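What follows is one structure encoded as structure tokens, with my remarks underneath.
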Amino acid sequence: MNAYTGNHLAQSIRKASLGRKDTPFIHHAGGETLSYGQFFANAERMAATLIDAGLQPGDRVAVQAAKTVAMLELYVGTVLAGGTFLPLNPAYTTSEIDYFLNDAAPRVFVCDPARTDDLAPVARAAGTSHLWTLGADGKGSLTDRRDTYAPGFHAVKRGPEDLAAILYTSGTTGRSKGAMLSHRALESNSQTLRALWRFTSDDVLIHALPIFHTHGLFVATNITMMAGGSLIFLPKFDADTIIREMPHATAMMGVPTFYTRLLEQPGLAQAARNMRLFISGSAPLLDETHRRWQAVTGHAILERYGMTETNMTTSNPYEGERRPGTVGFALPGVEIRVCDDSGAQLPQGEIGVLEVRGPNLFSGYWQMPEKTAEEMREDGFFITGDVTRIDSDGYLQIVGRAKDMIISGGLNVYPKEVESLIDAIDGVLESAVIGVPHPDFGEGVVAVVVPERGAELDVAQIMAPLEKSLASFKQPKKVIFVEALPRNTMGKVQKNALRKDYARLFSAQA
Ligand code: AMP
């Protein structure tokens, strides 16, 4: 028995560090370190602050702030206090925050001090009873309050099915949906990954991901706490800083753009010498990046796949072949199947939508039971909307999002098939293939291509290999060269933005 007993997630993230209060948890670039004892003492004070503000079990604590240790303390403090943590991307505008606060009705909202003038009226109108601030320097009215409390909080009891967090999905179509994440889903997924990826108290993880998203908040942070390891906690991705810190680290979790940018750094091979593990996810890692990384560092990047609603679902193996262009196998305890639109399982090797079942699944969309029902099968499988295929050795490949599939002249075109061929052309860095309205074909295939720095490419060079290997309905009707693809903070290519930019490409000609 200890002060965290009875709170399902809190006891699991605390167990490894109990009795080791001086063990380092967070290293800041440049040397300063926070111990587990100090971190949890602050989290307990955050919990006391929330309880005094009237927080009831299940109440939401929303935060839109820069990445700081205090924000992590607020996450753990919210869990200890029995609340539901709700982090929001700092990029959201006032009108977007208005939607989230009205939808989630949090008791407390924490925002950047510079935004209080804008956001206070919005919070008041949404019925939020407390608005506190937290700046990029880790200071504000939230930490001022925290500092008036003594540590030693007894965690509020919460069972496996109680909610620990709500994360809003990026909402590329329609309204953004709040994925409800239970103590069970977060706890089981992080413990599974800790064991699979062999995290221990010796690990030092480079943490340069944002903490409003599942990858940086739950995968990176929970696993490290559950192992009793430590984080090199960086406010954002910066290639120079990472190269400087890497000799002190054992592992890194990143999105693919971390890896492509680090490959441009001359000191990478030397810096990576003590590293044990590089993990990538949240967006597809190019085969080319995988191969170049291995050539430079000697490490095969371990690519895994998941989403806000499912937490992590598959991973390449820790031991055994980490196959480029695949996301590996279902995690222990997680079931996957590739299905047609009706939910019938397809034979291995065929392309279809991935469905997932297991303790990792979310508990539904906040106040949208009809949306939840649309995406769940009766037997408990969640329809991910990711178009996938399982190869003959059982490795899962992500072909694209169902909504990105192109229907040209009534025929399906999977963008990934065309992109892979384009990416293999000499001088091409990467590409995105989209469908835009076309007067004859419904949708016309468009290839948006980024040449490598200094490479000179023309349309004929792109089209020649495609004409050889693709049926004509899959061939791009237009090739456009750009300097970079639009990406969000998690490194995902924003195909929506591209579709919008080129929406009138064919209608203008008609
Ligand atoms: P999010 O909910 O923001 O984490 O986005 C989840 C989506 O990111 C998934 O449904 C996939 O489409 C994509 N994704 C995540 N990991 C990978 C990966 N390793 N390869 C390709 N796509 C990925």
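Quick check, is A62 over 22 Å from S201 (Cα atoms) and at pLDDT 95 or above? Walk me through how you get there before you give the answer.
Values: over 22 Å from S201 (Cα atoms): yes; at pLDDT 95 or above: yes.
When the stated conditions are applied, A62 passes them.
Are there any pairs, at least 6 apart or on different chains, whose C-beta atoms fall under 9 Å, with the first in the range 272-287 and within 13 Å of H299 (Cβ to Cβ) and the second within 13 Å of the ligand (Cβ to nearest atom) and basic (K, R), and if so, which?
From residues that are within 13 Å of H299 (Cβ to Cβ), the pairs are I279/R304; S280/R304.
Where the second residue is outside any helix (DSSP H, G or I) and at pLDDT below 90 and the first is buried (at least 17 other Cβ atoms within 10 Å of the Cβ) and lies in the range 488-499, which pairs have Cβ atoms under 6 Å and are six or more apart or on separate chains?
G491/A283; K492/A283
Assess whether L262 counts as being buried (at least 21 other Cβ atoms within 10 Å of the Cβ), under 25 Å from H213 (Cα atoms) and either of a type in the set (D, E, K, R) or more than 16 Å from the ligand (Cβ to nearest atom) (or both). Please lay out each step first, then the result.
On the way: buried (at least 21 other Cβ atoms within 10 Å of the Cβ): yes; under 25 Å from H213 (Cα atoms): yes; either of a type in the set (D, E, K, R) or more than 16 Å from the ligand (Cβ to nearest atom) (or both): yes.
Criteria met by L262.
What's the number of the only condition in (1) in contact (Cβ under 8 Å) with a residue 60 or more places away in the chain; (2) surrounded by 13 or more Cβ atoms within 10 Å (Cβ to Cβ) that K403 fails to meet?
The one condition K403 does not meet is (2).
Exactly one of (1) more than 13 Å from the ligand (Cβ to nearest atom); (2) closer than 20 Å to G281 by Cβ; (3) of a type in the set (S, T, N, Q) is unmet by T326. Its number?
Against the list (1) more than 13 Å from the ligand (Cβ to nearest atom); (2) closer than 20 Å to G281 by Cβ; (3) of a type in the set (S, T, N, Q), T326 comes up short only on (1).
How about the range 481-499: which of its residues are part of a strand (DSSP E or B) and either in contact with a helix residue (DSSP H, G or I) (Cβ under 9 Å, 6 or more places away or on another chain) or of a type in the set (D, E, K, R) (or both)?
In the first step, residues of the range 481-499 are kept if they are part of a strand (DSSP E or B); the result is 481, 487, 493.
Within the range 481-499, F481, R487 meet the criteria.
For the range 53-170, which fully contained strands (runs of 3 or more DSSP E) count at least 1 residues that are open to solvent by 10 Å² or more (accessible area, probe 1.4 Å) and among the hydrophobic types (A, V, I, L, M, F, W, C)?
Values: elements: 60-64, 84-87, 108-111, 130-133, 163-168.
By residue number, 130-133, 163-168.
Within the range 419-434, can you find the residues that are at pLDDT 95 or above and part of a strand (DSSP E or B)?
Across the range 419-434, the qualifying residues are V428, S431, A432, V433, I434.
Could you check S280 against (1) away from the ligand (no atom under 16 Å from the Cβ); (2) among the hydroxyl-bearing types (S, T, Y); (3) within 18 Å of T214 (Cα to Cα) and say which number it fails?
(1)
I want to confirm something. Restricting to the range 202-222 and keeping residues that are away from the ligand (no atom under 16 Å from the Cβ) and of a type in the set (A, V, I, L, M), which single residue is most open to solvent (accessible area, probe 1.4 Å)? Full working, then the answer.
Within the range 202-222, the first condition is being away from the ligand (no atom under 16 Å from the Cβ), and the residues that meet it are 202-208.
In the following step, the residues that additionally are of a type in the set (A, V, I, L, M) were identified as 204-206, 208.
On the way: V204: 24, L205: 1, I206: 2, A208: 6 Å².
Out of the qualifying residues, it is V204.
Applying the selection to the range 367-380, what residues are touching a residue at least 24 places away in the same chain (Cβ under 8 Å) and either small (G, A, S) or more than 15 Å from the ligand (Cβ to nearest atom) (or both)?
Matches in the range 367-380: Q367, M368, R377.
Could you tell me which residue of the range 72-97 is farthest from A136 (Cα to Cα), considering only residues that are out of contact with any Leu (no Cβ under 9 Å at 6 or more places or on another chain) and free of Cβ contacts under 8 Å to residues at least 60 places away in the same chain?
So, considering only residues that are out of contact with any Leu (no Cβ under 9 Å at 6 or more places or on another chain) and free of Cβ contacts under 8 Å to residues at least 60 places away in the same chain, the one farthest from A136 (Cα to Cα) is S95.
Counting just the residues of the range 171-201 that are without any contact (Cβ under 8 Å) to a residue 40 or more places away in the chain and over 24 Å from T23 (Cα atoms), which one comes out most open to solvent (accessible area, probe 1.4 Å)?
G174
Residues are listed down the side, and each one gets a yes or a no for (1) within 16 Å of the ligand (Cβ to nearest atom); (2) open to solvent by 50 Å² or more (accessible area, probe 1.4 Å); (3) part of a loop (DSSP other than H, G, I, E, B):
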position: V296; (1), (2), (3): no, yes, no
position: M312; (1), (2), (3): yes, no, no
position: G320; (1), (2), (3): no, yes, yes
position: G343; (1), (2), (3): no, no, yes
position: L361; (1), (2), (3): yes, no, yes
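The values are calculated or read from the model by the stated rules, or taken from the named source; none is laboratory data. Note that the coordinates shown come from a computational prediction; the quantities given were computed from them, not determined experimentally. Reconstructed Cβ throughout: ideal geometry from the backbone, glycine too, with neighbour counts over all protein chains shown. The accessibility values were calculated without ligands, DNA or RNA, using every heavy atom of the protein model including side chains. Shrake-Rupley method; radii C 1.70, N 1.55, O 1.52, S 1.80 Å.
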